[in-house]
1. Considering Q332, Q385, which residue is of a type in the set (S, T, N, Q), at negative phi and surrounded by 10 or more Cβ atoms within 10 Å (Cβ to Cβ)?
2. Would you pick out the residues in segment 43-86 that are among the hydroxyl-bearing types (S, T, Y) and not in a helix (DSSP H, G or I)?
3. I'd like the full set of residues that are exposed (fewer than 10 other Cβ atoms within 10 Å of the Cβ) and either of a type in the set (S, T, Y) or modelled with pLDDT of 85 or more (or both), limited to segment 399-414.
4. State the number of residues belonging to segment 135-152 that are of a type in the set (G, A, S), over 45 Å from the mean Cα position of the chain (by Cα) and in a helix (DSSP H, G or I).
5. For segment 300-312, does any single residue satisfy the condition of being over 60 Å from the mean Cα position of the chain (by Cα) and in a loop (DSSP other than H, G, I, E, B)?
6. I'd like to know if segment 357-372 contains one or more residues that are more than 30 Å from L416 (Cα to Cα), out of contact with any Ser or Thr (no Cβ under 6 Å at 6 or more places or on another chain) and either surrounded by 10 or more Cβ atoms within 10 Å (Cβ to Cβ) or at pLDDT below 90 (or both).
7. From the list A391, A354, pick out the single residue that is on the phi < 0 side of the Ramachandran plot, not in a loop (DSSP other than H, G, I, E, B) and not hydroxyl-bearing (S, T, Y).
8. Please determine whether any residue of segment 431-438 is exposed (fewer than 10 other Cβ atoms within 10 Å of the Cβ), at negative phi, touching a residue at least 24 places away in the same chain (Cβ under 8 Å) and over 43 Å from the mean Cα position of the chain (by Cα).
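The values are calculated or read from the model by the stated rules, or taken from the named source; none is laboratory data. Just so we're clear, the structure is a prediction, and the values are computed from it rather than from any experiment. FYI the Cβ positions are ideal-geometry reconstructions off the backbone, even for glycines, and counts take in every protein chain you see.
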Amino acid sequence: MAPARRLKRVVASQPGFLHLKSTSDSSGSVSSRRKRVNKNKKKNWNKHSDVHDVEDFLEDVRHQERTTGGLLSEKPDDSLFFLDIGQPKKPETKGKKRKGKASRPLRIDLILQHDSLVPPPKDVLSYQQPNAKKLRRFAQKAQQLAAKGVVPRRKKQLLNRRPVDRTAKKAVTEANNNPKREYYDIWGQDCESKTSADPWYLQQTGKKLVKRPEKLNEKPSILPAVEVIAPGGSYNPDFFSHQALLQEAHGVEVKKQKIEDKIEKQLAVNKEDTATEETIFREQVEGLVEDDDDDDDNEEETKKTERQRKREKTDKLKEQERLADKRKTDQQQQLFQLRSIKASVKQQDEKTKARQKQRKDNQEAQKAQPRRLGKLKYAQDLEVQLSDELAGSLRRLKPEGSILKDRFKSLQKRNLIEPRERAKFKRKHKLKYVEKRAFREIT
């Protein structure tokens, strides 16, 4: 508080300082004798320190700054005093005089006006620049390199870049109501924006379009979105068309039955594989009794003489020579069989071409079939009415099937979604049955 009190005394001692607020109690406070208190202790600083005179002085300074924009002692005389010469005469206007008083601002507008002459504080954050120190360091480094005659790598790339033809005229946008304007399909495949910019510039700015893979343009299935039912599915079909549809449905059911029978056959137990007392006894005694056949073979091998071994070796060499001569004669005989060999080669080529064609046909047919997208296979369901269920007219026709299920099955058949099963509800906690008191009273 000592510097503030000293400032107050210095400013108040000047002859030009003016007080806007009354200081009637200042003489009494000065004349009154202060109480001597030990201020070496910190707890007495705020308790026995009189700072009212400093606060009054600072409040007076702030009041002068709000009302006059600064201290009155620093204001010139022209801003404080003026010469009163009376009200100026209004110039006489020719013509009719306007009735009514001049428009004055509303009272509410005067209240909301800013009456303080103190300028608002400077917003430091608005003058700050992100990474200013870093940018300043880069600028200094660039100046040093420019003084040495060194060109930065980034600037060198920009200079070596292919210049863009600036002489080309910009395309003039045609009016929408021009009858000679070309047709432009915004949903077509050739509607990509054509630009003459530099490819390097497009790549660096991220405006280069990504090439669309050709596989994405292919449909997952050649089947139509909505299939027309066979003629036999009408409410009053022809006899032969209805029988053909029944035959197709019969084939689907037979195929399902074959799969079920195959599973049952694989899980069935063969009666011949069942264990008997004899098989059990053989398993128990297996390895306990030694066979004599192996001993006889070993004895025969040991009894072979040196003469017999040489004879077996010569027989083996003769057999090899015989096979080599036979192979050589077969190759010589093939020279006289060129016609038959050519015919067999031609026949083999025809078989290969037939297999290739069959493979292509199978691939084309496979496009119309649902693929295996998940762990389940697509199961085809045909809605067929039997001969005795035919209505014959729309009035007696009974609605069958569901449009929602039909659309869901169509998505599975066209390989857009995988075949699914309905999630099975599994109760986490068991049900607990409680007999209520009211029920006991009745029973």
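1. Just one listed residue meets the conditions, Q385.
2. S49
3. I403, L404
4. Looking only at that region, the number is 2.
5. yes
6. no
7. None of the others qualify; the one that does is A354.
8. For segment 431-438, residues exposed (fewer than 10 other Cβ atoms within 10 Å of the Cβ), at negative phi, touching a residue at least 24 places away in the same chain (Cβ under 8 Å) and over 43 Å from the mean Cα position of the chain (by Cα): absent.
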